[in-house]
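My questions will all concern the structure given below.
The values are calculated or read from the model by the stated rules, or taken from the named source; none is laboratory data. Values in this document were obtained by computation on a predicted structure and should not be read as measured data. So basically every Cβ, Gly included, is an ideal-geometry build from the backbone, and we count neighbours across all protein chains shown. Side chains included, ligands, DNA and RNA excluded: accessible areas come from the protein's heavy atoms. Shrake-Rupley method; radii C 1.70, N 1.55, O 1.52, S 1.80 Å.
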Amino acid sequence: MKEYNPKKIEEKWQKKWEKENTFKAVDPPASGSKKPKYYILVEFPYPSGDGLHVGHPRSYVGLDILARKKRKEGFNVLFPMGWDSFGLPTENYAIKTGIHPVVATKENIEVFKDQEKKLGLSFDWDREINTTDPSYYKWTQWIFIQLFKKGLAYKAKMPINWCTSCKIGLANEEVVNDVCERCGSKVVEKEKEQWMLKITEYADRLLKDLDKVDYPERVKAGQKEWIGRSEGAEIEFKIQDSDNSVLVFTTRSETIFGCTYLVLSPGHPLAKDVNPKTRAINPVNNKKIPVFVADYVLTEYGTGAIMAVPGHDQRDLDFAKEHSLPVIEVVKKDVLVDSGNFTGMKSEKAREEIIEWLSKKGRAKKTINYKLRDWIFSRQRYWGEPIPMVNCKKCGWLPVPEKDLPVELPKIKDYKPGKEGESALAKAKSWIGVDCPKCGFRAKRETDVMPNWAGSNWYFLRYCDPNNKKKLADPKKLEYWMPVDWYNGGMEHTTLHLLYSRFIFKFLWDIGVIPKPIGSEPYKKRTSHGMILGEGGIKMSKSKGNVINPNKIVEEYGADVLRVYEMFMGPFEQTIPWDVKGLKGAQRFLKKVWRLKDRVGNEIGDGRDLEKTVHQTIKKVTEDIESLKFNTAISSLMVLVNEMEKQKEISMNYYSVLLILLNPFAPHTTEELWEELCDDGLCWNSEWPKYNPKLVKEEKVSLIIQVNGKVRDKIETDIGLSEVKTKKIALSSDKMIKYIKGNKIKNIIFVKDRLINFVI
RNA sequence: GCCGAGGUGGUGGAAUGGUAUACACGAGGGACUUAAAAUCCCUUGGAGAUUUCUCCUUGCGGGUUCGAAUCCCGCCCUCGGCACCA
């Protein structure tokens, strides 16, 4: 082929890869194969009706590069893809158009899959999964039943966030500024029976085990923040002239002598009984203090009541000023003052001793509080996994027998939730009625479905054994593939999705579904890619009309150009604006590589310089891919190509190194060139080159000569020159003579092969 | 308000204590062409001298150091996350 024609090339290789199942991950025991496994996971997308966004390929291409490199290095790579396809947009679309979510989902998936295939991603498509497939959600339901059996799923009447428009209960994290995150309508409180998951039981382990994993510090910080562990004490304040008492939670019991009033949250059981004359008794000094009700104290956190210490807490101080309440300072320079027997004690010691003293009197106990709350797991919607539970008037809540799983979504015509907010499933009368699994009398199915998270909590396990009909996954396969070696996804999922899936994994590990040797953490390493913004740095959105469709780019420039551009545009973790012009640079680069083939000759023709650059490039690209520094990896490849352009003839040897290094980034172009020029094998599975450390080093260096830290001259020297010799050469130069003339050299700083600095 | 990330040419960025601005885009000039595209060559941080050269420059102000984009202190701004967490 004379001209670079990406369209033809890409179609050709994509067909071949599909036909030959090139990127299939081999399950154990692979006969004779001793390749170590490597499991690379990218967050699976929600197949929306909008199709792929240029943000998707950023993650997929980045990790595809890693996957392709690992294969070359001899790993048995698992790099799968699937669809997280339950969700509201599809349901809302169904309500609007009457098109069944199953149909819409199928269409959307076809579009997504086609778009992804056109990017040349090396997924093992044999392992494709879909959370809305009954053979998949059978196991999502099965996990729920196991949680129920262990007492970790329970029903509770909860004051929930109720969206007045969506007619759906929202979890706390789905409410933004008192409005529904999805539709922007007003959210009110409503009492509702909800299925809850006891994630709080795992709070400590979710926190502690962060030490075992390789996540970015900012991600760990997010997890810690969300769990919000704080050590403190519950202290009892008796209400005067009453049998009631108020428990408060505090992390700073050493400040109790400065407590001048109590505050209850509006939801506190005693809040109704509080009046301006109510007094509580401070257990350390028997002072009678007023009691208030205020909404700056949260019902759900701690005991729903606080001891207010305006001398040492800003919010208490604000409140005290507003109500002209006394402010007492009881800690000065970390030492207690005006605090009875504890005066003069260091605050850290006093904190412990005060609790101990009050504990002996039965008025306090040490406790640990978490911000983390149990997880509301019910949604009154249609397009989700039915919660596989049955309610019998006689026997109560019972799980559907496992042999009857999956509980499939019934076919209905109207997907709208009921007016009271009940799930649309409540309309499927014949589906609801079921025999009680225990007593056999007529009972009713649960009509709530699970939230979006349910399917994505454990999907990475199913990839290990996607077609297993008897088990969630074969333990042998899990033991081989798990844990995930490298997980990449969006920053927006680093708190909740990560926490929830870690919780479910730990639970499955506890009950023996996950083989013990794997350990109780699902992801060894987590990274996050940055968002791609529209041109000019504004978010891409339909309303702004600045959404870029990756397939248009593929049409015009080719997938390899898009891949190289997205990886070159800037640091992988960083948010970055899209720039059409940048595509041109990527295109020029690949064209240059293409044209270089005409200069490939035999073994002669390479200068020593090219040899050095080749080895330096191998080193740089090898290291940069491992740290996701794709932008600098590509720039070093550009340097190599620029250097090759200067040569009259390039050896096959060096050109093939270039092709292998570039292959993960531009798999189609390099494969085509490889086929044309190389006699043996394919580029994708050619061994990753190794560099010679001796050849990476420069033999000559440009040594900097400074005077008082300012660069005044440079000299070309051999490496390893001693201080004495360097000094001699440096001082003999005309420039230096000029600069130093008439001054006394006070000090000389010498850094070998880098610089010499004269301080005068 | 708190937590996290960041601020470097006209633009995206490189450099994590040692030549600031690699690589790329854009722009200007030139070659090829009837012309355009494509391709190639040169110039390109700013200011002043223009043959040698000098001074300034990494958000702002200090500090440490022979030497700071990089480390420390204070401030300003942008982006992301969380919302009274006792």
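Within region A:199-212, work out how many residues are touching a helix residue (DSSP H, G or I) at 6+ places or on another chain (Cβ under 8 Å) and open to solvent by 10 Å² or more (accessible area, probe 1.4 Å).
Filtering region A:199-212 for residues touching a helix residue (DSSP H, G or I) at 6+ places or on another chain (Cβ under 8 Å) gives A:199, A:202-203, A:205-207, A:209-210.
Adding the requirement that they be open to solvent by 10 Å² or more (accessible area, probe 1.4 Å) leaves A:202, A:205, A:207, A:209.
Residues flagged as touching a helix residue (DSSP H, G or I) at 6+ places or on another chain (Cβ under 8 Å) and open to solvent by 10 Å² or more (accessible area, probe 1.4 Å) within region A:199-212 amount to 4.
Of all residues in region A:625-644, which are more than 10 Å from RNA strand B (Cβ to nearest atom) and not in a helix (DSSP H, G or I)?
A:628 - this is the single residue of region A:625-644 that is more than 10 Å from RNA strand B (Cβ to nearest atom) and not in a helix (DSSP H, G or I).
Would you please list the contacts, defined by Cβ atoms under 6 Å and residues six or more apart or on different chains, that run from a residue in region A:239-254 that is at negative phi to a residue that is of a type in the set (Asp, Glu)?
A:245/A:236; A:247/A:234; A:247/A:236; A:249/A:234
Among the listed residues A:514, A:548, which satisfies the condition of being under 23 Å from residue A:63 (Cα atoms) and not in a helix (DSSP H, G or I)?
Working: A:514 fails: under 23 Å from residue A:63 (Cα atoms).
Of the residues listed, the single one that is under 23 Å from residue A:63 (Cα atoms) and not in a helix (DSSP H, G or I) is A:548.
Also: Against the definition (within 12 Å of RNA strand B (Cβ to nearest atom), in a helix (DSSP H, G or I) and free of Cβ contacts under 8 Å to residues at least 24 places away in the same chain), how does residue A:738 come out, yes or no?
Values: within 12 Å of RNA strand B (Cβ to nearest atom): yes; in a helix (DSSP H, G or I): yes; free of Cβ contacts under 8 Å to residues at least 24 places away in the same chain: yes.
The answer is yes for residue A:738.
To continue, here is another question. Residue A:217: closer than 19 Å to residue A:372 by Cα, within 12 Å of RNA strand B (Cβ to nearest atom) and of a type in the set (D, E, K, R), yes or no? First the steps, then the outcome.
Details: closer than 19 Å to residue A:372 by Cα: no; within 12 Å of RNA strand B (Cβ to nearest atom): yes; of a type in the set (D, E, K, R): yes.
No; evaluated as a whole, the condition is false for this residue.
Can you tell me how many residues within region A:645-661 are farther than 19 Å from residue A:692 by Cα and either within 32 Å of the chain's Cα centre (by Cα) or in a helix (DSSP H, G or I) (or both)?
Qualifying residue count, region A:645-661: 1.
Kindly list the number of the only condition in (1) more than 24 Å from the chain's Cα centre (by Cα); (2) touching a residue at least 60 places away in the same chain (Cβ under 8 Å) that fails for residue A:65.
Residue A:65 satisfies every listed condition except (1).
Next up: For region A:42-81, name all the residues that are part of a loop (DSSP other than H, G, I, E, B), among the small types (Gly, Ala, Ser) and either crowded, with 21+ Cβ neighbours inside 10 Å or modelled with pLDDT of 90 or more (or both). Lay out the reasoning, then the answer.
Step one: of region A:42-81, the residues part of a loop (DSSP other than H, G, I, E, B) are A:43-54, A:73-75, A:79-81.
Next cut, among the small types (Gly, Ala, Ser) only: A:48-49, A:51, A:74.
Across region A:42-81, the qualifying residue is only A:74.
Something else: Pairs only if they're at least six apart or on different chains, beta carbon under 7 angstrom, first in region A:624-638 and in contact (Cβ under 8 Å) with a residue 40 or more places away in the chain and open to solvent by 10 Å² or more (accessible area, probe 1.4 Å), second more than 6 Å from RNA strand B (Cβ to nearest atom) and aromatic (Phe, Trp, Tyr); list them, first residue then second.
A:631/A:568; A:638/A:589
Also: Out of the residues in region A:551-572 that are surrounded by fewer than 16 Cβ atoms within 10 Å (Cβ to Cβ) and either among the basic types (Lys, Arg) or part of a loop (DSSP other than H, G, I, E, B) (or both), which is farthest from RNA strand B (Cβ to nearest atom)? Even if it seems obvious, please write down each step before you answer.
Just the residues of region A:551-572 that are surrounded by fewer than 16 Cβ atoms within 10 Å (Cβ to Cβ), to begin with: A:552, A:555-556, A:571.
So of that shortlist, the ones also either among the basic types (Lys, Arg) or part of a loop (DSSP other than H, G, I, E, B) (or both) come out as A:552, A:571.
On the way: A:552: 18, A:571: 4 Å.
Ranking the candidates gives A:552 first.
This table checks each residue for (1) closer than 30 Å to residue A:8 by Cα; (2) of a type in the set (Asp, Glu).
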| residue | (1), (2) |
| --- | --- |
| A:665 | yes, no |
| A:676 | yes, yes |
| A:697 | no, no |
| A:702 | no, no |
| A:708 | no, no |
| A:713 | no, yes |
| A:738 | no, no |
| A:745 | no, no |
| A:749 | no, no |
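Related question: Evaluate the following for residue A:374: is it under 44 Å from the mean Cα position of the chain (by Cα), modelled with pLDDT of 85 or more and within 30 Å of residue A:206 (Cα to Cα)? Quick ask: steps written out before the conclusion?
Working: under 44 Å from the mean Cα position of the chain (by Cα): yes; modelled with pLDDT of 85 or more: yes; within 30 Å of residue A:206 (Cα to Cα): yes.
When the stated conditions are applied, residue A:374 passes them.
Then there's this: Kindly indicate the residue of region A:465-508 that is within 16 Å of RNA strand B (Cβ to nearest atom) and farther than 13 Å from residue A:523 by Cβ and also modelled with the lowest pLDDT among those meeting that condition.
Filtering first and then ranking leaves A:492.
In region A:88-135, what count of residues is obtained for those that are touching a helix residue (DSSP H, G or I) at 6+ places or on another chain (Cβ under 9 Å) and not in a helix (DSSP H, G or I)?
Qualifying residue count, region A:88-135: 13.
I need the helices (runs of 4 or more DSSP H) fully contained in region A:393-507, keeping only those with at least 3 residues that are farther than 22 Å from residue A:150 by Cα and of a type outside the set (Gly, Ala, Ser). Spell out how you get there, then give the answer.
On the way: elements: A:429-432, A:453-456, A:459-462, A:475-481.
It comes to A:429-432, A:475-481.
Please identify the pairs in which a residue from region A:744-757 that is farther than 14 Å from residue A:714 by Cβ and in a loop (DSSP other than H, G, I, E, B) has its Cβ atom under 9 Å from the Cβ atom of a residue that is open to solvent by 60 Å² or more (accessible area, probe 1.4 Å) and of a type in the set (Val, Ile, Thr), counting only partners at least 6 apart or on another chain.
Listed pairs, sorted by first residue: A:752/A:719.
Just wondering, is there one or more residues in region A:312-329 that are more than 8 Å from RNA strand B (Cβ to nearest atom), touching a His at 6+ places or on another chain (Cβ under 8 Å) and farther than 26 Å from residue A:362 by Cβ?
yes
Here's something else I'd like to know. Tally time: how many residues in region A:267-293 are in a loop (DSSP other than H, G, I, E, B), basic (Lys, Arg) and loosely packed, with under 13 Cβ neighbours inside 10 Å? Before you say what the answer is, go through the steps one by one.
Looking only at region A:267-293, we keep the residues that are in a loop (DSSP other than H, G, I, E, B), and these are A:267-270, A:274-278, A:282-287.
Keeping just the survivors that are basic (Lys, Arg) gives A:277, A:287.
From what is left, the residues that are loosely packed, with under 13 Cβ neighbours inside 10 Å are A:277.
The qualifying residues number 1.
Name, by its number, the condition in (1) among the charged types (D, E, K, R); (2) more than 10 Å from RNA strand B (Cβ to nearest atom); (3) surrounded by 17 or more Cβ atoms within 10 Å (Cβ to Cβ) that does not hold for residue A:620.
(2)
Output the number of residues of region A:302-334 satisfying the condition of being in a loop (DSSP other than H, G, I, E, B) and either without any contact (Cβ under 8 Å) to a residue 60 or more places away in the chain or open to solvent by less than 70 Å² (accessible area, probe 1.4 Å) (or both). Walk me through how you get there before you give the answer.
Of region A:302-334, the ones in a loop (DSSP other than H, G, I, E, B) are A:302-304, A:309-313, A:323-330, A:333-334.
If we keep only those that are either without any contact (Cβ under 8 Å) to a residue 60 or more places away in the chain or open to solvent by less than 70 Å² (accessible area, probe 1.4 Å) (or both) as well, we get A:302-304, A:309-313, A:323-325, A:328, A:330, A:333-334.
Count: 15.
So how many residues does region A:669-684 have that are out of contact with any Gly (no Cβ under 9 Å at 6 or more places or on another chain) and surrounded by 13 or more Cβ atoms within 10 Å (Cβ to Cβ)?
Looking only at region A:669-684, we keep the residues that are out of contact with any Gly (no Cβ under 9 Å at 6 or more places or on another chain), and these are A:670-673, A:675-684.
Still in the list and also surrounded by 13 or more Cβ atoms within 10 Å (Cβ to Cβ): A:670-673, A:675, A:677-678, A:682-684.
So the answer is 10.
Can you name the residue in region A:698-707 that is under 16 Å from residue A:751 (Cβ atoms) and not aliphatic (A, V, I, L, M) and is also least open to solvent (accessible area, probe 1.4 Å) among such residues? Before you say what the answer is, go through the steps one by one.
Narrowing region A:698-707 to residues under 16 Å from residue A:751 (Cβ atoms): A:698, A:701-707.
If we keep only those that are not aliphatic (A, V, I, L, M) as well, we get A:698, A:702, A:706.
Values: A:698: 85, A:702: 57, A:706: 30 Å².
Out of the qualifying residues, it is A:706.
Could you give me the residue pairs with C-beta distances under 7 Å whose first residue belongs to region A:521-538 and is in contact (Cβ under 8 Å) with a residue 60 or more places away in the chain and more than 9 Å from RNA strand B (Cβ to nearest atom), whose second residue is open to solvent by less than 50 Å² (accessible area, probe 1.4 Å) and of a type in the set (S, T, N, Q) wherever it lies, and which are 6+ apart or on separate chains?
A:522/A:501; A:527/A:488; A:528/A:488; A:528/A:494; A:529/A:59; A:529/A:488
Can you tell me which residue within region A:709-732, out of those that are within 9 Å of RNA strand B (Cβ to nearest atom) and open to solvent by 90 Å² or more (accessible area, probe 1.4 Å), is farthest from residue A:759 (Cα to Cα)?
A:714
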